Amino acid sequence: MPLYESQVLRIYNSLTGKKEIFKPINEGHVGMYVCGPTVYSNVHLGNCRTFMSFDMIFRYLRHLGYKVRYVRNITDAGHLVDDAEDGEDKIAKKARIEKLEPMEVVQRYTLDFHNILEKFNFLPPSIEPTATGHIIEQIEIIKDILAKGYAYEVNGSVYFDVATFNKDHEYGKLSGRKLEDMVANTRELAAQDEKRNPQDFALWKKAEPQHIMRWPSPWGDGFPGWHLECTAMSTKYLGETFDIHGGGMDLKFPHHECEIAQAEASYGQPPVKYWMHANMLTLNGKKMAKSTGNNILPGEIFTGENDILSKAFAPSVVRFFMMQAHYTSILDLSNDALLASEKGFNRLMDAYNALKNLNTGTTSDFNVNEWKQKCYDAMNDDFNTPILIAHLFDAVKHINLIKEGKEQITEVDKTLLLEALNSFVFDILGLEQNAGTSQDTEKLSQVVQLLIDMRKEARDNKDFATSDKIRDQLAEMGIQLKDGKDGTTFSIQ
RNA sequence: GGCAUCGUGGCCGAGUGGCUAGGCACAGCUCUGCAAAAGCUUGUACAGCGGUUCGAAUCCGCUCGAUGCCUCCA
């Protein structure tokens, strides 16, 4: 029996503003689409947080026994930059500045994106489609929307007619906006605009002669509007209605609102059952922005080459830090917060490693089954990873008490606990131990064990000068010795 | 200016009507040759002002502040 039959998962649905019991459209199968990055620069740390939230969600759904098709696109057709003078897009602009082909820019930053995600221990999505690979599908949708009267063509461009759509549909239902309010708040001076109304958005945009990324279409050479690719690719791989659509909060409006409009105009039904939005990441209490210098790249955190943090932090520590907050909350990254997370993370890993070598007894002072269900309850409540981690530290406490001989655990419970920790810590949260290559690690531990034995001899002979030298110099190298009831263990920082 | 999310103890961060979240830091204690590690104990916080209620961090209103989106543009 799959786990999802005994665990009741609730998801906060941005569309309804409520936590709802998750029930997939096709039993046992889940279709999930997440808006991916535009690959015109190094991946933004805030973007990583969003994708990490959905990576965790993907992992938990799989753990529950669902067969998940997870689609996360790559936006490689640059969209117009806001300060463009003549319709230049982000990728084309970058290409011009760096004297590259647009697709060289795309390739470079796609590789960077994958490289960073791999360091963070992301699971690859089931399908990672590109916008430029689905131009034909996008053109077909435009034809369909035009035929149904929800779009119009002007000078080789096609625009979505929001006012007409709003007559028999509800534009703005996801973001809580009303078309009347938006019209009322729009200034009058929308001159020289081809659009009938300012709220209308482009489905197809005519390419000016200097525009590099261009494709032929029934309306002339051009390129697709930026909301359309997600509608085309989600429909192609997940169907006209699918289970989960995710993305960052910043995409709620207008991007996701427009996706709903396109899909409803074309297919006549809402495309998504559960909308999920991950919240933003701030840096030292302020939004991250390259312009103000309040910005840090993931790679700069891993190497420590930055002016914001006091040291380098491992990807798993950053991941643990992010998992300590709920995905719907704004999270603030700072040096103090990362230092605190690093210590907590190490304590969790130390306890996990200690568990394997624990002596077992005839009874258990720790109700592992009850604890395990509490962990599931936390995850079932809209993927509440902070609560899960609080429970994990409850287990840490018991492991340490058992280690000290103050509590005991049976062999059966020990195995159960180890399996559960494996599931929650590694499979679901996606954390990793910071180990080197296994061969080197093995040799290092033999060397340290030798030093531990020598220190013990010195201590037995009351030669504390020697024993302290071993202990203190190892500490300087980041190897900490820990004296316990059954001898000395060590951990590498 | 509009829409949305939010404002919790030294720091980070859960919690939506009454019962200890958790992590980190700090202090005391146990252990130790001294430490570290580990364990135990202690912290009565919820932006401000009103209101609803027997009772609110949790519901309602206002004010202030933060973040995102919109107000020119896809």
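The values are calculated or read from the model by the stated rules, or taken from the named source; none is laboratory data. Remember, it's a predicted structure, so these values are computed and weren't measured experimentally. Here the Cβ is made from the backbone with ideal geometry for all residues, glycine too, and neighbour counts use every protein chain on show.
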- Task: Considering every residue within the stretch A:418-428, establish whether at least one is surrounded by fewer than 20 Cβ atoms within 10 Å (Cβ to Cβ), assigned by TED's automatic domain parsing to the domain that holds residue A:318, more than 24 Å from the chain's Cα centre (by Cα) and farther than 24 Å from residue A:314 by Cβ.
- Result: yes
- Message: Just to confirm my filter: which strands (runs of 3 or more DSSP E) fall fully inside the stretch A:131-236 and include at least 3 residues that are modelled with pLDDT of 85 or more and away from RNA strand B (no atom under 11 Å from the Cβ)?
- Response: A:151-154
- Item | Qualifying residues in the stretch A:445-465 (those that are surrounded by 15 or more Cβ atoms within 10 Å (Cβ to Cβ) and touching a residue at least 12 places away in the same chain (Cβ under 8 Å)) - the one farthest from the chain's Cα centre (by Cα) | A:458
- Residue check, residue A:285 small (Gly, Ala, Ser), closer than 26 Å to residue A:161 by Cβ and at pLDDT below 95: no
- Take the residues of the stretch A:471-493 that are surrounded by 13 or more Cβ atoms within 10 Å (Cβ to Cβ) and more than 9 Å from RNA strand B (Cβ to nearest atom): which is nearest to the chain's Cα centre (by Cα)? A:492
- Item | Only one of A:313, A:302 that is buried (at least 17 other Cβ atoms within 10 Å of the Cβ), within 14 Å of RNA strand B (Cβ to nearest atom) and more than 22 Å from residue A:171 (Cβ to Cβ) | A:313
- Query: Would the stretch A:251-269 turn up any residue that is more than 9 Å from RNA strand B (Cβ to nearest atom), aromatic (Phe, Trp, Tyr) and closer than 25 Å to residue A:140 by Cα?
  - Reply: yes
- Under 8 Å by Cβ, and 6 or more places apart or on different chains, what pairs join a residue from the stretch A:82-102 that is farther than 15 Å from residue A:214 by Cβ with one that is among the small types (Gly, Ala, Ser) and modelled with pLDDT of 80 or more? A:94/A:41
- Item | Boolean, residue A:286 is within 11 Å of RNA strand B (Cβ to nearest atom), surrounded by fewer than 17 Cβ atoms within 10 Å (Cβ to Cβ) and among the charged types (D, E, K, R) | yes
- Query: How many residues does the stretch A:328-372 hold that are β-branched (Val, Ile, Thr) and more than 12 Å from RNA strand B (Cβ to nearest atom)?
  - Reply: 4
- Message: Take the residues in the stretch A:339-373 that are among the small types (Gly, Ala, Ser) and not in a helix (DSSP H, G or I); name whichever of them is farthest from residue A:411 (Cα to Cα).
- Response: A:364
- Message: Every residue in the stretch A:294-331 that is at pLDDT below 90 and either among the charged types (D, E, K, R) or within 16 Å of residue A:348 (Cα to Cα) (or both), please.
- Response: A:307, A:311
- Item | One residue from A:336, A:332 being acidic (Asp, Glu), out of contact with any strand residue (DSSP E or B) (no Cβ under 8 Å at 6 or more places or on another chain) and surrounded by fewer than 16 Cβ atoms within 10 Å (Cβ to Cβ) | A:336
